[in-house]
Amino acid sequence: MKPIDLRSDTVTRPTPEMRAAMMAALVGDDVFEDDPTVQELEAKVAALFGKEAALFVASGTMGNQVCLRTHGHHGDELICDDEAHIDWYEVGAAAALSGLQLRPVPAPGGIPDPERIAAAIRPPNIHHPVTSIITVENTHNRAGGVVVPLEIMRLVAALGLEHGIRTHLDGARIWNAWAATGIPLPEWARGYDSVSVCFSKGLGAPVGSAIMGTRDFITRARRTRKMFGGGMRQVGILAAACIWAIDHQLPKMAEDHRRARHLAEGISDIPGLRLIPDPPPTNIIVIDLSERSVSTEQVLDNLKDRGVLLTPFGVGRIRAVTHRDVDDEDIESAVSALRDVLGKR
């Protein structure tokens with residue numbers, strides 16, 4: 001029996017239709033910039049977000065790091081929130097690859113505080129690193145898929161403009177912000193010097209992300225991508241899957257959110273269990289077990305024995321993520337398993 005895999009929205013498998021699109025893709029050599037399917041994807045994504053140009057990259061981490069390297073210089077400092085993906089899950093790449101120093105700023109509930117960001121900007125001083133980049137993550141993974149409000153996004157972008165600092169949107173799951181609010185994608189990207197988006201999370205493509213910005217920025221970022229080993233050849237095979245995902249999966253993304261709420265509702269009354277946040281705003285459910293005298297490893301093992309896969313998410317916490325390969329029947333089974341494992345103190 002196939003397990004109900006709620007570890008992440010990255011575990012999806014290509015559909016037969018997506019595989020057919022990949023097989024039929026026209027390809028060239030993307031390092032020579034003559035892969036027509038990659039060019040189609042890049043033009044499509046740039047138009048979706050109202051940016052001048054886009055660049056296909058292998059992963060969300062590569063997308064973020066190409067942007068940071070292209071914006072910054074060795075010894076510069078970037079401001080991010082203290083739970084940001086760039087800080088937690090990118091293997092110290094900003095320091096290792098670009099010589100950038102991170103200055104994490106508290107963002108309670110995943111929502112940046114523009115006043116705290118403004119206070120963290122270094123004044124000109126020979127002793128200080130130069131603040132050259134501000135980053136925002138939307139939706140926010142560690143905060144449980146929270147949507148950073150558009151008004152906050154605009155205030156942060158305005159701070160960057162006021163101080164001459166580049167701004168980067170880590171929009172790996174910005175598609176989910178669109179699905180949750182209906183606010184057009186260009187509005188989320190407006191004012192940001194660079195934006196990264198991921199195709200292999202909620203959209204369900206097997207590989208790939210994109211970054212966007214001005215044509216000049218993307219020209220420079222293409223060189224950075226090559227430096228990082230990201231120059232790919234007949235990669236239109238992968239770009240075709242991303243195009244198919246945008247056309248066919250993006251309109252259905254709200255279904256993932258509905259199923260996340262269904263899962264949360266099914267387990268919300270279990271004693272000593274807390275959902276962060278409650279209800280889940282998008283497709284991520286963080287379950288806090290800190291009030292329970294239980295081992296998260298044992299809980300995960302017990303769930304696995306019942307055919308449900310979740311992932312650890314910090315001390316006393318586990319995470320579930322809904323996606324297109326999980327249907328309503330799977331959610332009912334997951335609720336039943338969670339109640340069976342966690343329903344008793």
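The values are calculated or read from the model by the stated rules, or taken from the named source; none is laboratory data. Quantities reported herein were computed from a predicted structural model and do not represent experimental measurements. Here the Cβ positions follow ideal geometry from the backbone for every residue, glycine too, while neighbour counts run over all protein chains shown.
Tabulated data for the structure shown
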{"read-out": "Segments classed as strands (runs of 3 or more DSSP E), wholly inside the range 51-129, with at least 1 members that are assigned by TED's automatic domain parsing to the domain that holds G208 and within 30 Å of P206 (Cβ to Cβ)", "value": "53-57, 77-81"}
{"read-out": "Wholly within the range 205-301, strands (runs of 3 or more DSSP E) carrying at least 1 residues that are farther than 20 Å from N141 by Cβ and of a type in the set (G, A, S)", "value": "209-213"}
{"read-out": "Which listed residue, of G50, G110, is surrounded by fewer than 16 Cβ atoms within 10 Å (Cβ to Cβ) and over 17 Å from M227 (Cβ atoms)", "value": "G50"}
{"read-out": "Residue within the range 82-98 that is farther than 16 Å from V156 by Cα and touching an Asp or Glu at 6+ places or on another chain (Cβ under 7 Å) present", "value": "yes"}
{"read-out": "Filter pass, G60 being within 19 Å of the chain's Cα centre (by Cα) and touching a residue at least 40 places away in the same chain (Cβ under 8 Å)", "value": "yes"}
{"read-out": "Leading residue by the ranking (modelled with the lowest pLDDT) among those in the range 293-345 that are of a type in the set (S, T, Y) and out of contact with any Asp or Glu (no Cβ under 7 Å at 6 or more places or on another chain)", "value": "S293"}
{"read-out": "Set E17, E40: member being in a helix (DSSP H, G or I), farther than 19 Å from R215 by Cβ and of a type in the set (D, E, K, R)", "value": "E17"}
{"read-out": "Matching residues in the range 188-229 - criterion: being buried (at least 16 other Cβ atoms within 10 Å of the Cβ), of a type in the set (S, T, Y) and either free of Cβ contacts under 8 Å to residues at least 24 places away in the same chain or out of contact with any Asp or Glu (no Cβ under 8 Å at 6 or more places or on another chain) (or both)", "value": "Y192, S194, S200, S209, T224"}
{"read-out": "Answer residue from the range 67-107, given it is among the acidic types (D, E) and in contact with a strand residue (DSSP E or B) (Cβ under 9 Å, 6 or more places away or on another chain) and is surrounded by the fewest Cβ atoms within 10 Å (Cβ to Cβ) among those", "value": "D82"}
{"read-out": "Sole residue being crowded, with 20+ Cβ neighbours inside 10 Å and among the charged types (D, E, K, R), chosen from R339, R317, R324", "value": "R324"}
{"read-out": "Cβ pairs under 7 Å, 6+ apart, first in the range 172-187 and of a type in the set (D, E), second at pLDDT 95 or above", "value": "E187/L150"}
